[in-house]
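Step one of this worksheet: look at the structure below.
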Amino acid sequence: MTPATRQEVLSLYRRVFRIAKNWQSASGQTEETVREQEYIRNEARTLFRKNRNVTDPKLIKQCIEECEARIEIGLHYNIPYPRPIHLPPMGLAHRQGRTLRHQEKLRKISKPIYLKSHDEVS
């Protein structure tokens, strides 16, 4: 990891914790705000620790992009949890005999960047 990349990752980590510290839930209830703040902190710790030993520059860049996307979506919608994707059950396959395995592959490819690590951790 280059020093510039390391600084970028540490900056993102600090930014996530600053967001968690100042986070207010959409409902304004204190217990919900505390729960959401704790979720943000735990999710950040889990994902950053999981990816601590990543050395591939492309994978590092992908993780940084995912983190930035989750931050922006969370701030925009005021929801700290990943937004689900809504695809019809068999909406991606053609009618000419595509298998369920191929359907699952298409779903995986169509998954937004901000949900890539969510399924691995959950």
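The values are calculated or read from the model by the stated rules, or taken from the named source; none is laboratory data. Fair warning: this is a prediction, and the values are worked out from it, not measured in the lab. Every residue, glycine as well, gets a Cβ built from its backbone with ideal geometry; the counts of neighbours run over all protein chains shown. Calculation scope for accessible area: heavy atoms of the full protein, side chains included, ligands and nucleic acids excluded. Shrake-Rupley method; radii C 1.70, N 1.55, O 1.52, S 1.80 Å.
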Quiz item: Condition test on Gln37, is it at pLDDT 90 or above and in contact with a Ser or Thr (Cβ under 9 Å, 6 or more places away or on another chain)?
Solution: yes
Quiz item: Looking only at residues in the range 21-65 that are among the β-branched types (Val, Ile, Thr) and in a helix (DSSP H, G or I), which one is farthest from Tyr77 (Cα to Cα)?
Solution: Ile60
Quiz item: Condition test on Leu115, is it more than 14 Å from the chain's Cα centre (by Cα) and either modelled with pLDDT under 65 or over 24 Å from Val9 (Cβ atoms) (or both)?
Solution: no
Exercise. Please list, ordered by first then second residue, the pairs with beta carbon atoms under 9 Å, 6 or more apart or interchain, first in the range 3-15 and more than 14 Å from Lys61 (Cα to Cα), second small (Gly, Ala, Ser) and open to solvent by 70 Å² or more (accessible area, probe 1.4 Å).
Key: none
Quiz item: Within the range 18-40, which residues are surrounded by 15 or more Cβ atoms within 10 Å (Cβ to Cβ) and under 19 Å from the mean Cα position of the chain (by Cα)?
Solution: Ile19, Ala20, Trp23, Ser25, Glu36, Gln37, Ile40
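Matching residues to (1) within 21 Å of Arg18 (Cβ to Cβ); (2) among the polar types (S, T, N, Q); (3) modelled with pLDDT of 65 or more:
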residue: Arg45; (1), (2), (3): yes, no, yes
residue: Phe48; (1), (2), (3): yes, no, yes
residue: Lys61; (1), (2), (3): no, no, yes
residue: Pro82; (1), (2), (3): yes, no, yes
residue: Gln103; (1), (2), (3): no, yes, yes
residue: Val121; (1), (2), (3): no, no, no
